[in-house]
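The values are calculated or read from the model by the stated rules, or taken from the named source; none is laboratory data. Quantities reported herein were computed from a predicted structural model and do not represent experimental measurements. Don't worry about glycine lacking a Cβ; one is built from the backbone with ideal geometry, like all the others, and counts go over all protein chains shown.
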Amino acid sequence: MSDRILRAAVVGVGHLGRHHARILASVAGATLTAVVDTNQPRAQEIAAGLGARAFTDVRDILGDVDLVSIAAPTEVHAEIATLCLGRGIPVLVEKPLARTVAEADAIIAAAERAGVVLAVGHTERFNPAVLAARPAVDNPGFVEVHRLGTFPERSLDIDVVFDLMIHDLDLVLSMVDSEVVSIEAVGVPVLTDRADIANARIKFANGCVANITASRISRDRTRKIRFFQRDAYISIDCGAREAEVYRLMRYPDRRPAIEGGRIEVPDSEPLRNELQDFVDAVRFGRAPLVGGRDGRRAVALAAEITACMAAGARA
């Protein structure tokens, strides 16, 4: 497929999906040919602005596209993804991959049966600050994460763990090479009937501890992750797309010194990086940076945290 332009479609062109459509209309190796949304006027508006066709039913495009990006609500991810994959169409599913581990397994199984690419939209993996700082992260002992946002008009079909914290669950799981052995968590519903603010303390078999806080009811926006490890400290500001690395340098002829500071971060859009990776994975027959198994692992940990919060609330 590497020699031809792939026909792309976006399913769900609301708050995030319209950006998927905008980017797929201009990435290398693909062209946007269709948008699908149950809100017909919205589908028509987005399609008209990007030179694509508008549909309200994903079944109407299955014979005319080479890949699909799904940015519809989480509750329909499994239904839409398995439908597309069942027709042999590569799929990118926005995070979270699914509502449950069982649904995630069904999506993965459909992709494996079809032998096509399944990518998951954990966009922070493609954040240029994360990419720049990642090589410095080596066996961290403690991870501190704060992801605070204002109350959204979207994603209210899921709690804050599946809505926001899952970004950082995926990041931490990708950078801590160990299995989770224990979880402590608390969540509080404030403006909805689901947890709107949550904290999870996750311990890994290698001794690393991650303390993760997520809120969708804060006045300010914060997206920061800090890694503490032997002789080094790494700080990543995902919102500002900045990163700092400090190291304890030891010298034979003088006292040790802390050296470092802000590192160079290329100017790039995380979502564009993510979608380009997906298109390239389909074109060149390679695995995407974030695949179905990665998405499942994040969903499984999110489900454990949610269960832990529920158990604590009943106690």
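The figures follow:
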| read-out | value |
| --- | --- |
| Condition check for Val245: assigned by TED's automatic domain parsing to the domain that holds Val91, β-branched (Val, Ile, Thr) and either surrounded by 15 or more Cβ atoms within 10 Å (Cβ to Cβ) or over 24 Å from the mean Cα position of the chain (by Cα) (or both) | no |
| Where Val176 falls short, out of the listed (1) surrounded by fewer than 22 Cβ atoms within 10 Å (Cβ to Cβ); (2) out of contact with any Ser or Thr (no Cβ under 9 Å at 6 or more places or on another chain); (3) on the phi < 0 side of the Ramachandran plot | (1) |
| Among (1) crowded, with 19+ Cβ neighbours inside 10 Å; (2) within 19 Å of Val91 (Cβ to Cβ), the one test that Gly63 misses | (1) |
| Residue that is farthest from Arg194 (Cα to Cα), among those in the range 140-181 that are among the small types (Gly, Ala, Ser) and out of contact with any Leu (no Cβ under 8 Å at 6 or more places or on another chain) | Gly141 |
| Test: residue in the range 117-136 that is over 19 Å from Lys203 (Cβ atoms), polar (S, T, N, Q), touching an Asp or Glu at 6+ places or on another chain (Cβ under 9 Å) and touching a residue at least 12 places away in the same chain (Cβ under 8 Å) | yes |
| Residue in the range 153-163 that is farther than 30 Å from Pro189 by Cβ and surrounded by 22 or more Cβ atoms within 10 Å (Cβ to Cβ) present | no |
| Near pairs, Cβ below 6 angstrom, 6+ apart or cross-chain, from the range 89-103 (in the same structural domain as His77 (by TED's automatic domain parsing)) to any residue that is part of a loop (DSSP other than H, G, I, E, B) and among the small types (Gly, Ala, Ser) | Glu94/Ala71 |
| Subset of the range 59-79 that is out of contact with any helix residue (DSSP H, G or I) (no Cβ under 6 Å at 6 or more places or on another chain), outside any loop (DSSP other than H, G, I, E, B) and among the β-branched types (Val, Ile, Thr) - its residue that is farthest from Phe162 (Cα to Cα) | Val76 |
| Identity of the residue in the range 48-88, of a type in the set (Gly, Ala, Ser) and either within 20 Å of the chain's Cα centre (by Cα) or not assigned by TED's automatic domain parsing to the domain that holds His15 (or both), that ends up nearest to Ile5 (Cα to Cα) | Ser69 |
| Positions within the range 250-275 being among the aliphatic types (A, V, I, L, M) and closer than 23 Å to Glu144 by Cα, in sequence order | Ile258, Ile263, Val265 |
| Residues (surrounded by 18 or more Cβ atoms within 10 Å (Cβ to Cβ) and over 20 Å from Val160 (Cα atoms)) located in the range 92-115 | Leu92, Ile107, Ile108, Ala110, Ala111, Ala114 |
| Test: residue in the range 111-128 that is aliphatic (A, V, I, L, M) and part of a helix (DSSP H, G or I) | yes |
| Pairs, first over 26 Å from Phe227 (Cα atoms) and free of Cβ contacts under 8 Å to residues at least 12 places away in the same chain in the range 180-208, second part of a strand (DSSP E or B) and aliphatic (A, V, I, L, M), C-beta under 6 Å, six or more apart | Val188/Ile197 |
| Every residue from the range 28-58 that is among the aliphatic types (A, V, I, L, M) and part of a strand (DSSP E or B) | Ala30, Leu32, Ala34, Val35, Val36, Ala54 |
| Sole exception among (1) over 22 Å from Ile108 (Cβ atoms); (2) in the same structural domain as Val91 (by TED's automatic domain parsing) for Asp277, by number | (1) |
| Whichever residue in the range 61-85 is charged (D, E, K, R) and in contact (Cβ under 8 Å) with a residue 24 or more places away in the chain and, among such residues, is farthest from Ile23 (Cα to Cα) | Glu75 |
